[in-house]
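Participant: Submitted below is the structure of interest, expressed as structure tokens.
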Amino acid sequence: MARNGLLIQYEWCTGCHACEVACKQEHNYPAGVCGIKVVEVVNAGQDKVFVDFAPFTTRFCDLCADRTKSGEEPTCVKHCQATCITYGTVAALAKEQEKMPRSSLFAPK
Amino acid sequence: MAKSTDQKILSTLWSAGCGSHGGCGCEIFVKDGKVTRIEGDKNHPWNQGRLCAKGLAITQYIYHKDRVLYPLKRVGERGEGKWQRISWEEAYGTIETRLKDIRAKHGAESVIFCQGTGRDIGGPITFLMYAYGSPNWVQVGLAGHACYTPRLGAMAATLGPSGYCVADCSQFLEERYESKEWTPPKYIIIWAQNFTAGCHDGFYGHWIVDCMKRGTKLISIDPRSTWWTTRSEIHLQNRPGTDGATALGMLNVIINENLYDKKFVEKWCYGFEELRKRVQEYPPEKVEQITGVPAHLLRQAAKLYATSKPSAIQWGEPVDAMPAGSVVSQAITLLWCITGNVDNPGGNVIARNSHGVTTYPFSSAELSELYGVDLVKRLNEKRIGANDYPMIKGFRGWVQPDVLINQMETGKPYPVKGAWIQTSNIIGGQAADPRRHYNAMKKLDFIVCVDLFQTPTTMALADIFLPAVSIAEKESFRTWWQPLGVSVKAIDALGECKSDWEINLEMAKRLATTPIKYNNVRELIDSRLAAGNTNFEKLKAKGGWEFPPKGHPSRPYYRYEKGLLRKDGKPGFETPTGKCELYSKTFEEWGLDPLPYYEEPKESPIATPDLSKKYPFILTTGRRSPVFFHSELRMIPWLRELDPWPVAEINDKAAASLGIENNDWVYVENMHGKIKVKAKVTPTAPANVVTVPHGWWLPETDGKAPNFFSTWDHNVNNLTTMGNQGKSGFGGTNYRSGLCRLVKIQGGKE
Ligand code: SF4
Ligand code: SF4
Ligand code: SF4
């Protein structure tokens, strides 16, 4: 069976944390545990300070198995406020990624 | 989790739950009478399936162990935290007796009706207040009324009361980004706002991201570096508190370099020559000295904005908190006026309550429509601060909070005896100088608090605590601005909680001097919705929302050409001259300067150089967190985990010179007070600016006096003061531009 994953165009990630809370709600994860985490990445250039965010899946991401089984999209994909997460087969996502700057592909399972 | 069997209810979010200004369409899933989860509604044009972190955590809010589920009465001293459960009948009865007694002895005006931020509370609280006969609707302690009102007032004074504007991200059109009528703004100027945090002022922040993906570019005006400034073509990094000068400098460039929209100005604007003369006082080089923004960057930003039509400006609450807040708002409003970016697709579009239905009466005009001209006018005579400030009297039916605190302390011109506090954490939240407010309010004869949780305010002040419901447990309606929406009751109220509307309707019936015509809340809601030719059931059946029909005055664009803004149906604006007033006749009538000008913050390196030696940092508060709203939600585990402590953002080099490391505990202190926060050491903070988010208390600590959930230790408003209001009564606080120093706590630990 084809492996599935998440393609995250982190260029758009605003650090709003919606994906993390969506994941928590879906799985009812206890404190400290989540399928996705978002960290702030600050680069201090000479004349400008750059603020970005990097979301990454963790060992607790099950790609929302319960949802995807019944044809629903993962909850982080649905709720991402910047609409920057895509779910699909790793092969299809990799193809999409060829045209997508500042993105990461995650295959957590 | 198997969820396919859960019942799904479509609803609209605003008020208790996610807490914010709201508008998201949501799906509430229910099983066996319990909410199992809340998701975004893909079919709702407002958020298109998304929710912010706060919305996604609502179940933890509804079922939190600390929610107060029964009416309580205080049995010990105020602050002792001794409560006794009572019945609603006893609660209502006690309140009725006490409030009638105060009214008989001191007049209805001696009871103030207090709310917090703008949610669905504006309707129920004014309903009760006018029924009782008091004119004193107030956000207690909100110095200079510094939240949205200065902006609304300035827009009303320029474009008329039907002329409030927001950046056009297609939010007024059902088809949204696909709509043929709409075009994305070429540029959006982000003025003092971090849109990541949610839906402030009813504007869903991520709409800007949606526009960026469709080609919109950004210009940012912000002292800090943020995700948004990183993606801006130009970032004007001004000194906090100087935004008025920045706006005047941009006006200067646009006018002197002939970049304004001549046709629009000639046909639709009044007072251009006067404005031209005034802005000569603000050449970019002078503005650079005030703001620290390099003159060439200011020129570049002004040029890009003026020559890239359509472009829009979207602003945040800091504008209100500037010295002379309404004047800064006016200067910014004039930028979109002289560039003709008024009610055009992709510009600053006029925002009106959907279908003409009022849920939250912003202005005196709306209050008069709801409650009668005579009553509002008569009561206005006694409204606190209205006689001191014509703009307060003429524009908005609120109390001026800086005048109120004096009146509570002195009893002049009449004493304040009671307070009805609903959805407001005065001491732990909005009030500047909270200790002063605590001292004044604890002397009041009788105080009712309506809330969902105990807060520093309810603990310190309540005699009777009435438990309110969350958004999933009530019926409500919303028009701020579009679409027209309803909140649908998904589950029965927990415990004995009731909705704000239910509570206030019942109290109004008991206290009213003329009979209340509504038998129940549904009748009241339907009577309001009638203005939109609809009712609750119809909207609910449609999925909870509806956009106004084509041609309706609450639908864009170019309404000033079509005669849709003025009561008399003529083209133009609802202003004295019928035009967009660059020289504001309304400000003139209120005894204010009709043209914008710059005022320096009262405490700043320029205004008070000696103080600045002692307190070398500029203190700016109120930076929003994407997981909290004001003082709310600190008890929600999923959210607190993401933003666990009160912090101060400190520049890395400045921190190094003080021996402060990331996560060290530090005191932030100034001449008004001192609090304890964790250092967030970051190059995103300018060298001399310290940013401290507001509203921090620790619900997990002791709620009784004197601790009150550690509010004195962590609430940055302990470093702010009252009494700095601008000439209009609006703005001019030190929420956004004060002074402070940092002291590392021994070893960086507590
Ligand atoms: S796909 Fe599901 S499990 Fe994985 S991070 Fe997203 S929400 Fe969590
Ligand atoms: S929801 Fe989207 S934008 Fe928000 S933090 Fe997660 S990935 Fe980033
Ligand atoms: S953006 Fe967040 S806070 Fe605002 S209505 Fe939506 S879920 Fe609630």
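Participant: Which residues, taken from the range A:66-101, are of a type in the set (A, V, I, L, M) and away from ligand 3 (no atom under 16 Å from the Cβ)?
Facilitator: Of everything in the range A:66-101, those that are of a type in the set (A, V, I, L, M) and away from ligand 3 (no atom under 16 Å from the Cβ) turn out to be A:Val77, A:Ile85, A:Val90, A:Ala91, A:Ala92, A:Leu93, A:Ala94, A:Met100.
Participant: Provide a single number: the residues in the range A:47-65 that are in a loop (DSSP other than H, G, I, E, B), within 12 Å of chain B (Cβ to nearest Cβ) and more than 8 Å from ligand 1 (Cβ to nearest atom).
Facilitator: Within the range A:47-65, residues that are in a loop (DSSP other than H, G, I, E, B), within 12 Å of chain B (Cβ to nearest Cβ) and more than 8 Å from ligand 1 (Cβ to nearest atom) number 2.
Participant: With the condition kept exactly as written, say whether any residue in the range B:240-260 is touching a helix residue (DSSP H, G or I) at 6+ places or on another chain (Cβ under 9 Å), surrounded by fewer than 23 Cβ atoms within 10 Å (Cβ to Cβ) and within 14 Å of chain A (Cβ to nearest Cβ).
Facilitator: no
Participant: If you scan the range B:14-44, which residues turn out to be among the hydrophobic types (A, V, I, L, M, F, W, C), more than 8 Å from chain A (Cβ to nearest Cβ) and farther than 20 Å from B:Glu546 by Cβ?
Facilitator: B:Ala16, B:Cys18, B:Phe29, B:Val30, B:Val35
Participant: I'm trying to understand the selection: among the residues of the range B:348-389, which are at pLDDT 90 or above, out of contact with any Cys (no Cβ under 6 Å at 6 or more places or on another chain), buried (at least 17 other Cβ atoms within 10 Å of the Cβ) and within 30 Å of B:Ile190 (Cα to Cα)?
Facilitator: The answer is B:Val349, B:Ala351, B:Arg352, B:Asn353, B:Ser354, B:His355, B:Val357, B:Thr358.
Participant: Any chance the range A:80-94 includes a residue that's within 12 Å of ligand 1 (Cβ to nearest atom), modelled with pLDDT of 95 or more, surrounded by 15 or more Cβ atoms within 10 Å (Cβ to Cβ) and over 10 Å from A:Leu7 (Cβ atoms)?
Facilitator: Yes, because at least one residue in the range A:80-94 is within 12 Å of ligand 1 (Cβ to nearest atom), modelled with pLDDT of 95 or more, surrounded by 15 or more Cβ atoms within 10 Å (Cβ to Cβ) and over 10 Å from A:Leu7 (Cβ atoms).
Participant: Oh, and also: Say whether the condition of being within 28 Å of B:Ile405 (Cβ to Cβ), assigned by TED's automatic domain parsing to the domain that holds B:Glu80 and among the basic types (Lys, Arg) is met by at least one residue in the range B:442-454.
Facilitator: Within the range B:442-454 (the criterion being within 28 Å of B:Ile405 (Cβ to Cβ), assigned by TED's automatic domain parsing to the domain that holds B:Glu80 and among the basic types (Lys, Arg)), the answer is yes, since at least one residue qualifies.
Participant: Run down B:Ser170, B:Ser134 and say which single residue is over 21 Å from the mean Cα position of the chain (by Cα), more than 20 Å from B:Phe395 (Cβ to Cβ) and of a type in the set (Ser, Thr, Tyr).
Facilitator: Being over 21 Å from the mean Cα position of the chain (by Cα), more than 20 Å from B:Phe395 (Cβ to Cβ) and of a type in the set (Ser, Thr, Tyr) holds for just one of B:Ser170, B:Ser134, which is B:Ser170.
Participant: I would also like to ask the following. Filter the range B:401-436 down to the residues that are more than 18 Å from B:Arg103 (Cα to Cα) and of a type in the set (Gly, Ala, Ser) and list them by number.
Facilitator: Within the range B:401-436, B:Ser424, B:Gly428, B:Gly429, B:Ala431, B:Ala432 meet the criteria.
Participant: Looking at (1) buried (at least 16 other Cβ atoms within 10 Å of the Cβ); (2) away from every other protein chain (no Cβ under 14 Å), find the lone condition where B:Gln84 falls short.
Facilitator: (1)
Participant: For residues that are over 30 Å from B:Ser162 (Cα atoms), in contact with an Asp or Glu (Cβ under 9 Å, 6 or more places away or on another chain), in a loop (DSSP other than H, G, I, E, B) and of a type in the set (D, E, K, R), tally how many sit in the range B:471-522.
Facilitator: 3
Participant: Ok, one more. Give all pairs with beta carbons closer than 7 Å in which a residue from the range A:46-71 that is without any contact (Cβ under 8 Å) to a residue 40 or more places away in the chain meets a residue that is more than 16 Å from ligand 2 (Cβ to nearest atom) and small (Gly, Ala, Ser); count only pairs at least 6 apart in sequence or on separate chains.
Facilitator: A:Val49/B:Ser225; A:Val51/B:Ser225; A:Ser70/B:Ser4
Participant: May I ask you to say which residue of B:Pro548, B:Pro616, B:Pro601, B:Pro556 is over 26 Å from the mean Cα position of the chain (by Cα) and outside the structural domain of B:Leu251 (by TED's automatic domain parsing)?
Facilitator: B:Pro616
Participant: Just need a number here: residues in the range B:324-350 that are out of contact with any helix residue (DSSP H, G or I) (no Cβ under 8 Å at 6 or more places or on another chain) and either on the phi > 0 side of the Ramachandran plot or not assigned by TED's automatic domain parsing to the domain that holds B:Ala247 (or both).
Facilitator: Total satisfying the criteria: 1.
Participant: Still on this structure: Within the range B:201-216, can one find any residue that is more than 13 Å from ligand 2 (Cβ to nearest atom) and in contact with a Ser or Thr (Cβ under 6 Å, 6 or more places away or on another chain)?
Facilitator: no
Participant: Another question, then. Restrict the check to the range B:179-191 and report whether at least one residue is free of Cβ contacts under 8 Å to residues at least 40 places away in the same chain and in the same structural domain as B:Tyr583 (by TED's automatic domain parsing).
Facilitator: Yes, some residue in the range B:179-191 is free of Cβ contacts under 8 Å to residues at least 40 places away in the same chain and in the same structural domain as B:Tyr583 (by TED's automatic domain parsing).
Participant: Can you give me the number of residues within the range A:1-31 that are facing chain B (nearest Cβ under 7 Å) and within 21 Å of B:Tyr63 (Cα to Cα)?
Facilitator: Adding up the residues that qualify gives 7.
Participant: Then there is this: Mind listing whichever residues of the range B:662-685 are within 26 Å of the chain's Cα centre (by Cα), in a loop (DSSP other than H, G, I, E, B) and under 20 Å from B:Ser625 (Cα atoms)?
Facilitator: B:Thr684, B:Ala685
Participant: Limited to the range B:45-69, what total is found for residues that are more than 13 Å from every other protein chain (Cβ to nearest Cβ) and within 25 Å of the chain's Cα centre (by Cα)?
Facilitator: Of the residues in the range B:45-69, 2 are more than 13 Å from every other protein chain (Cβ to nearest Cβ) and within 25 Å of the chain's Cα centre (by Cα).
The values are calculated or read from the model by the stated rules, or taken from the named source; none is laboratory data. Worth saying up front: this structure is predicted, and the values here are computed from it rather than measured. So basically every Cβ, Gly included, is an ideal-geometry build from the backbone, and we count neighbours across all protein chains shown.
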